[in-house]
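Have a look at the structure below before the remarks.
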Amino acid sequence: MAKNEAITARKKKEKRDPKGIIAPLVVLAIIYIGLEIGLRAFHVAAYVMPTPTHIIQGTIKSFAIILPDFLFTLKIICIGFCVAIPAGILLAALFSQFDIVVKAMQPVVIWLVITPMITLIPLMTLWLGTDPNLRVIIVIIQATPIICMNTLNGFIHVEQEKLELAKSIGATKLQTFVHITFMNALPQVFTGIKLGCIFSTIGAVSADFVSRGQGLGDRIIKFLKYSNFEQSYGCIILIAIIGISLYTVAEKIEKRIVLWKK
């Protein structure tokens, strides 16, 4: 009872605390003003770095052109990310049941995590074809290993006392996994999911750069080709907004589910 009251009190305190919103806005305002003043004072050329005001104006002016590519990249990221989450968790669950599989697969998973997907995209395009929608596969391959690796780390590091307690009260292997192993691993699962947001965004934009034809990565190259530097930077900011938005959603869900983390 006391524990539930403590959790409720903490949640109410977090809702009342405005620092989580105000502090990032203050930092963004400082960066914006600092760049605006500094770039104008030192007369930095637009092709090196446009002022934030010019970037915003250029992006708004060309937003009708950017919007289809923005929506396409957003679709690829979201679909790939939503597939990568259950895929990564399921693979981690399967691997964790056998020590030999964990030892055998960990180097493969680590290799997939550390290998820049942009180096494999040309080969994958050759194998899969040039259909832009197939970039979802690249996002899945990019995000699944990092989710799997973090989740697996949570599954294999469970307190032995908890497992022995479950065994002593007659819990089945499935019950032990669902109620103890999985719940114990939730913080690591969400760490993998939040990293998966970043990797998904990187994978989708890398595919845009290499495969071309559609997407924000391709739009950046087209804008640079015609010296539309403000719009190019605007596309970069939109990519960042997608990644930050996904990360924020994952973080909010984690705070509602993993109540014992703090």
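What follows draws every value from the coordinates through simple rules; no lab data is involved. Keep in mind the model is a prediction, meaning the values are calculated, not measured. As a convention, Cβ positions derive from the backbone with ideal geometry for all residues, glycine included, and neighbour counts pool all protein chains shown.
For the stretch 107-113, take each phi angle, set θ = phi - 60°, evaluate the Karplus expression 6.51 cos²θ - 1.76 cosθ + 1.60, and give the result in whole Hz per residue in order, putting x for glycine and proline.
x, 5, 5, 4, 4, 5, 5
What list of ³J(HN,Hα) values in whole Hz, one per residue of the stretch 238-251 in order, does the Karplus curve 6.51 cos²θ - 1.76 cosθ + 1.60 (θ = phi - 60°) give from phi, with Gly and Pro shown as x?
5, 4, 4, 4, 4, x, 5, 4, 4, 4, 5, 4, 4, 5
Taking a point 7 angstrom from the Cα of Leu28 along the C-beta vector, which residues in the stretch 41-60 have backbone N less than 19 Å away?
Once the point is set 7 Å along Cα→Cβ of Leu28, 51-60 turn out to lie under 19 Å by backbone N, inside the stretch 41-60.
Residue separation times 0.36 nm, minus the C-alpha to C-alpha distance between Trp111 and Ile60: what's the value?
Gain on extension, Trp111 to Ile60, equals 14.3 nm.
Could you work out the longest stretch of the chain that avoids the chymotrypsin sites (Phe, Trp or Tyr not before Pro) located in DSSP loops with at most 12 other Cβ atoms within 10 Å?
Here the longest segment lacking exposed loop sites spans 99-225.
Rounding to the nearest 10 and keeping the result within 0 to 90°, find how far the Cα-based axis of helix 63-96 lies from the longest principal axis of the chain.
On a 0 to 90 degree scale, this one is about 20.
How much length would be gained if the chain were fully extended between Lys255 and Leu174, taking 0.36 nm per residue of separation minus their Cα-Cα distance, in nm to one decimal?
This chain segment gains 26.6 nm when fully extended.
For the residue pair Ile21 and Asp131, what label-to-label distance in nm results when each label sits 7 Å from Cα along the Cα-to-beta-carbon direction?
If labels sit at Ile21 and Asp131, their model points lie 4.3 nm apart.
Go through 239-246, 145-152 and give me the packing order, highest mean Cβ count within 10 Å leading.
With the highest mean Cβ count within 10 Å placed first, the list reads 145-152, 239-246.
How large is ³J(HN,Hα), in whole Hz, for each residue of the stretch 162-168 in order, when computed from phi with the Karplus curve 6.51 cos²θ - 1.76 cosθ + 1.60 and θ = phi - 60°, using x for Gly and Pro?
5, 5, 5, 5, 4, 5, 5
Take Leu163 and Val48, extend 7 Å from each Cα along the Cα→Cβ direction, and tell me the distance between the two endpoints in nm.
For the pair Leu163/Val48, the computed spacing is 5.9 nm.
Please report Arg135, Arg256, Arg212 as a ranked list, fewest other C-beta atoms within 10 angstrom at the top and most at the bottom.
Fewest-to-most Cβ neighbours within 10 Å comes out as Arg256, Arg212, Arg135.
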